Amino acid sequence: MRDAPILTGIATVAVALVTGCGGEPPRSGADHERVVRVAERDFHISAPSTVDAGKVRLRVANKGPDDHEFVVVRTGSGRLPLRRDGLTVDEDRVEKATVGIIEPAQPGTTHDLQVRLRPGTYALLCNMSGHYHGGMSRRLVVR
Amino acid sequence: MPRRRSFKPLDSSQGRFTVAAILCTFALFSALSVGLSVRATEGSHHRATVVQVAARQRTLAERYVQEVLLVRQGQRADPAYTGGVLRDSVVALLHGGTAPAVNGDDDATRLAPFKGARVRAQLEQERRLAADLTATGAAILAGRPARGRLTAHEHVRGGDPMLRLRTLAALTSNVSLNTARSMAAGADKGISDLITMQVALGLAGLLASLGLAWALIAATRRQTAHFRSLVTSSTDLVLVFGEGGVRYVSASVTEMLGRTDHELLGEGLVEQVHGDDRVALETTVAQGTSDGVVFRMCDRFGEWRHLEARVTDLRGDRQVQGVVLNARDISERVRLEEQLTVQAFHDGLTGLANRALFRDRLNQALARSARSPAPLAVLLVDLDGFKQVNDSLGHDAGDHLLLEVGRRFDGVVRPNDTLARLGGDEFALLLDGADGPRATAVADRLLECLLEPIEVADRELTLSASVGVVVHPGGAGDSEVLVRHADVAMYAAKAAGRARWEVFHNEMDREFGEDLGLAQELRVGLQRGEFSLHYQPEVAIDSSALVGVEALLRWQSPSRGNVPPDQFIPVAEDTGLIMPIGEFVLREACEQTAQWRRAGLLPDSFVTWVNLSGKQLSVGGVPTTVHAALEASGLPPEFLGLEVTETAIVEGGAAGERARSELQELHSEGVSLAIDDFGTGFSSLGQLRRFPVDVIKVDRSFIHGVEHDPKDSAIAANLVSLAHALNLVAVAEGIESDGQLTSLRSLGCDLAQGFLFARPAPADVVTQMLADGGPPVPGAPPATAPGRPHTITALPGA
C-alpha cells in the first residue's frame, strides 16, 4: 500500500486519457450521472453484474469488519496478472487498464468513485494483501 | 429610598482568600491537565504495546507458513506451537490477558481487553482467520485435503492447499495490521481529544484566574483610591518618614502650610521645622515612639504653625516601611492657650505683669539668689492723688492715666526687669541683680518720667508717685517679707511728703509697719463688720432737753480691742479707707435716726450729726453718698447734720471750691451744717459769713478752762457772741462739770455736749434716753452735783 498515492495519480491520468480521447462525445440528457451501489465486506464484493456504459458514480460502502480498498480495472477477456507473491494483482501491469481506485477505507464508511465506463468487462477488486485471493473480486460487464 | 453604599475596606484575610482561590483554581486545572497527560501517556504506551503485538501477529502468521513448509520438506520446525501463540495472542488482544512470548523473541505481554466495537470486530475476524490458517496448516501437515469450511467468509480460489495457506496467512497478517492501525488511530484520536481538553482546561483555568485576579486588582484599586481620597481630603497632614527623610507628604500640606509636597520630601521638611523642635522631632521619628510630638513648622508666609502629631511606627510593615506621622494644626489652640496664659498673668488694662506673675518672678529670682547670691531690688510705686482723678474725671480717665503711666514706666525699665501692676494705682518693679544705687537710680527715673504732664480728658495732669525701695543683698529670702518692706518704704515716702522714693531700713519697719498693719486690719475689719456707731447726746443748756446726737465711730478690733478714732482715722485717710468708712457712718446714722423717727421718739428739730473728714470733702462726691444714705433709710434731710472742720471749708483750689459747693447743695436740700472744733483753725470770718452754716461747735480746749481761765472764758464768750451775731447756734463741746455748764449758760451758749450729760453710748441706750424724755440729770453721776439746768431756748433757724 506504500505506493497508493502514485497509483492514484496514474489512474487519474488514465481515466482522463480514456474519457478525453475516447472519441465518444457525451450525450446531453442521456449522459446524466448514474449511481451504482457497491458493498465491500470480508471478503466479498456485492455489485450489479452489468451496468450501462457512460459516466457512473460508484458509491462504495465498506461494511467491514476489516479495511478495504476498491480498484476498478478493465480486464478485457484475460485474467489479471499477479505479482510474484502469487497473491496480489500486479497493479503496475494493469495500470493502463485501471479506471479508478479508492484508497483503503475503514469499515462503516462510504466513498464515491466517479468513472466513465465503456462497454466491456471490468474487474472490481480489493488488492489488500490476501483479499483478492480471499474472495474480493467481482466481474462487471458494461454494455 | 436610595440604598446607601458603605465602603468596606478589603481586609487582609479577604485578600488572602482571593489569592488562595486563584491558586486553587490553578492547582485544579493543573491537576486535571496532568491527569489528562497521564492518560494520554498511558494511551501512547498501550498503543505501542498493541502495535508491537500486532506486528508480532504478522511475523507469527508468516513464520507459521514457513514452518509448515519446512516440516513438509522434512526439516525440523514446530508450526503447531507458532499457531498456538498466534491464536492466544489474538484472544489476549480481544479479551485481555497475556500474549504469550515467542521462542527466542519478546517476553509475554499483558494486555487489557480492548474496547471499541470496530476494533473488536476486526479482532474477531483476525481470530477466525488465525483459526482457519492453523486448521488449514494442520490439514496439510496431516496429509488431509485442506477443504474444511472457512469461518471468516473468505473464498480462496483454486485448489492448491499451499496457496490457500498463504492466502490465509496474508489475510491474517493484513487484518492484524489493519487492526493495529485502527487501534492506533483510536488511540491517536483519544490523545488528540485529551490534548484538546487539556488546552480547553488550561484556557478555562487561565480565564478563571484572570477573573479572580481582576476582581482582586479592582478591589485593591478601589480600596487604594478610597484611602487615598481619605488621606488627601483629610485636613490632617500625613507624613511618612523613611530612609533619606520624608517619603510621603499628603496633599493637605498645601492648605495647612501653603507649600507643595515636593518642597518637603526628603530633607526638605526638617529644614522648615523650628530649630528648637528639630531634635525632638528627629528623636521621635528615630525611636518611632507612640507618644505624640508637637513641633513648629514655618509656613509659606514665614509664620510658625504648631503641629501636633501622632506617631505610628510602621517600619516593620512591608507596605509602608517607615514612621507615619498624623499631624494636626493646633496653632489656634496654642494661640488661645497663650492668650489665656497672658490673661492669667497679665494686667488686662496695661498688659503688664499682674500680681501673680510678679510674685512668681520674685520667687524665682529669690531662688536663683539663694543658689548663687546676687542682689535684687523690689520697687513699689503708688501714684499720688490718683484716686481724686478717678473720682473727679471718671474711671475712663483713670484708666487712660494708668495706661500712660504703665507705658512710661515700661520705657524706663530694662527687658530683664519685671514691671507689674498690682492693682489700682499700685505698680511694682523687680530688678534682678540690682544693688542699692541702681535701684534708687531706677526709682529716680520712674519719678522723672512722670514730670511731663499727661493729657487726660482734655486736661493736662501732673502726677507724682511715692516709691518704696527694698534691696535684697543676696541669699535666701522671703518674697512676702520683701514686698511688705517695699510697702513700708512706700508708706514712708508718702509720709515724708510724697513725690519721692525711700529705701527701706529696719527702723522704718518699727515706725510705719504699725500703721501699715493697722490699715490692713481696718480693711478687714470693715468687711467683717467690726465698726459700729455710738451716739453722744446734745442737750439744750437751759432746758436739758435732748435735741440731737453726734454719731461717733467705734472700732472694736479683735486683736487691738477698742481703738480710738484718733488712732485709726489718720491711717484710714492715708489709705483711702476713709471713703468706705465714711459711707458706712452715714448709712448707719441715717438708718438709726430713721428707726427712732418711725418709733416716734424724736422731738421736732432733732438732728443726728455726722462728722465728715477733710479727705472725704477733698475727694468729693459727698452729696452722692448722703443722698444714697437718706434714700436707703427714708430719713428726711432735716434730721441729718454734717460736721466739718474749719480747715475743710477754707481749703483753696478747685477741691476746696467743689467741697464748698457740694456742702451748699446739701444745705439747700435741708441738711444742717456745723463747723466742728471752731476756734482752732484759721477760718476767716468773711468765709464763715458766706458759708451756709447753721451751728458752730466751740472746741473743747476753750470749754476746759472756761470756768477758771479768764482767757479761755473770754474766747468762749466771743465765739458764742460771734455765733449769735451770725445768727448761728453755738454748741459747747466736752462739758464735764457743773461749773463749766454754769459759765456757758451765763455766756448764753445754746447747746451742750459732754460727759456731764451723757457719754457716747450705743444706739439702744440712746433709744432708752429718748423714750425717757432726755438724758439723766447732769451732775448726777459725778460726786459734785451741780445745779439743774432749767429751761431750754428755742433753737434758732432750725
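The values are calculated or read from the model by the stated rules, or taken from the named source; none is laboratory data. All of these numbers come straight from a predicted model, not from anything done at the bench. Methodologically, a virtual Cβ is constructed for each residue, glycine included, from the backbone with ideal geometry; neighbour enumeration extends over all protein chains shown.
Just a few scattered comments:
- Against the conditions (1) under 15 Å from B:Ala54 (Cβ atoms); (2) crowded, with 19+ Cβ neighbours inside 10 Å; (3) free of Cβ contacts under 8 Å to residues at least 24 places away in the same chain, B:Ala146 satisfies every one except (1).
- Residues (outside any helix (DSSP H, G or I) and either hydrophobic (A, V, I, L, M, F, W, C) or under 46 Å from the mean Cα position of the chain (by Cα) (or both)) located in region B:503-522: B:Val503, B:Phe504
- Residue check, B:Ala365 within 30 Å of B:Gly477 (Cα to Cα), outside any loop (DSSP other than H, G, I, E, B), at pLDDT 85 or above and touching a strand residue (DSSP E or B) at 6+ places or on another chain (Cβ under 6 Å): yes
- When region B:520-559 is filtered for residues that are surrounded by fewer than 21 Cβ atoms within 10 Å (Cβ to Cβ) and of a type in the set (Val, Ile, Thr), only B:Val524 remains.
- Residues that are in contact with a Pro (Cβ under 8 Å, 6 or more places away or on another chain) number at least 3 in the following helices (runs of 4 or more DSSP H) confined to region B:625-738: B:653-669.
- Candidates A:Glu95, A:Glu91, A:Glu103 - the one that is within 14 Å of chain B (Cβ to nearest Cβ) and of a type in the set (D, E, K, R): A:Glu103
- The residues of region B:23-38 that are over 60 Å from the mean Cα position of the chain (by Cα) and surrounded by fewer than 16 Cβ atoms within 10 Å (Cβ to Cβ), listed by number, are B:Ala27, B:Leu28, B:Ser30, B:Ala31, B:Val34, B:Gly35, B:Ser37, B:Val38.
- Criterion (part of a strand (DSSP E or B) and farther than 30 Å from B:Thr25 by Cα) met by exactly one of B:Val279, B:Val238: B:Val238
- Selection status of B:Ile195, more than 11 Å from every other protein chain (Cβ to nearest Cβ), in contact (Cβ under 8 Å) with a residue 40 or more places away in the chain, of a type in the set (Val, Ile, Thr) and in contact with a Lys or Arg (Cβ under 9 Å, 6 or more places away or on another chain): no
- Filtered residue count, region B:151-166, keeping only those that are more than 8 Å from chain A (Cβ to nearest Cβ) and out of contact with any helix residue (DSSP H, G or I) (no Cβ under 8 Å at 6 or more places or on another chain): 2
- Candidates B:Val285, B:Val240 - the one that is modelled with pLDDT of 85 or more, of a type outside the set (Lys, Arg) and crowded, with 17+ Cβ neighbours inside 10 Å: B:Val240
- Within region B:253-269, none of the residues are in contact with a Leu (Cβ under 8 Å, 6 or more places away or on another chain) and within 14 Å of chain A (Cβ to nearest Cβ).
- Taking region B:411-498 as the region of interest, the strands (runs of 3 or more DSSP E) fully inside it that hold 2 or more residues being touching a helix residue (DSSP H, G or I) at 6+ places or on another chain (Cβ under 9 Å) and either without any contact (Cβ under 8 Å) to a residue 24 or more places away in the chain or over 26 Å from B:Ala654 (Cα atoms) (or both) are B:418-423, B:426-432, B:464-472.
- Qualifying residue in region A:121-138 (condition: surrounded by fewer than 21 Cβ atoms within 10 Å (Cβ to Cβ), closer than 15 Å to A:Val72 by Cβ, in contact with a Leu (Cβ under 6 Å, 6 or more places away or on another chain) and within 14 Å of another protein chain (Cβ to nearest Cβ)): yes
- Remark: pairs (first residue in region B:751-764, exposed (fewer than 15 other Cβ atoms within 10 Å of the Cβ); second residue hydrophobic (A, V, I, L, M, F, W, C); Cβ separation under 9 Å; 6+ apart in sequence or on different chains) = B:Pro762/B:Leu533.
- Of all the listed residues (B:Ala135, B:Ala121), the sole one being under 16 Å from B:Arg87 (Cα atoms), of a type outside the set (D, E, K, R), more than 11 Å from every other protein chain (Cβ to nearest Cβ) and over 60 Å from the mean Cα position of the chain (by Cα) is B:Ala135.
- Considering only residues in region B:499-508 that are surrounded by 17 or more Cβ atoms within 10 Å (Cβ to Cβ) and without any contact (Cβ under 8 Å) to a residue 60 or more places away in the chain, the one that is farthest from B:Leu429 (Cα to Cα) turns out to be B:Met508.
- Residue within region B:74-93 that is more than 24 Å from A:Thr88 (Cβ to Cβ), part of a helix (DSSP H, G or I), away from chain A (no Cβ under 11 Å) and at pLDDT below 85 present: yes
- Counted residues, region B:288-298 - those being surrounded by fewer than 17 Cβ atoms within 10 Å (Cβ to Cβ) and closer than 19 Å to B:Asn326 by Cβ: 6
- First in region B:179-191 and more than 12 Å from chain A (Cβ to nearest Cβ) and surrounded by 18 or more Cβ atoms within 10 Å (Cβ to Cβ), second anywhere and among the acidic types (Asp, Glu) and part of a helix (DSSP H, G or I), Cβ under 7 Å, 6 or more apart: none
- Residues being surrounded by fewer than 18 Cβ atoms within 10 Å (Cβ to Cβ) and in a helix (DSSP H, G or I) - total across region B:249-260: 2
- One residue stands out among those in region B:525-578 that are part of a strand (DSSP E or B) and among the β-branched types (Val, Ile, Thr): the one that is nearest to B:Pro762 (Cα to Cα), which is B:Val549.
- Taking each residue of region B:19-35 that is within 18 Å of B:Leu216 (Cβ to Cβ) and looking for partners that are among the hydroxyl-bearing types (Ser, Thr, Tyr) and surrounded by 15 or more Cβ atoms within 10 Å (Cβ to Cβ) with beta-carbon atoms closer than 7 Å, six or more apart or interchain, yields B:Ile22/B:Ser209; B:Thr25/B:Ser209; B:Phe26/B:Ser209.
- Which listed residue, of B:Leu203, B:Leu207, is more than 14 Å from chain A (Cβ to nearest Cβ), free of Cβ contacts under 8 Å to residues at least 60 places away in the same chain, more than 60 Å from the chain's Cα centre (by Cα) and under 30 Å from B:Val38 (Cβ atoms): B:Leu203
- Restricting B:Ala219, B:Ala169 to those that are in contact with a Leu (Cβ under 7 Å, 6 or more places away or on another chain), in a helix (DSSP H, G or I) and within 14 Å of another protein chain (Cβ to nearest Cβ) reduces the list to B:Ala169.
- Of all residues in region A:47-85 being within 14 Å of chain B (Cβ to nearest Cβ) and surrounded by fewer than 14 Cβ atoms within 10 Å (Cβ to Cβ), the one that is nearest to the chain's Cα centre (by Cα): A:Arg79
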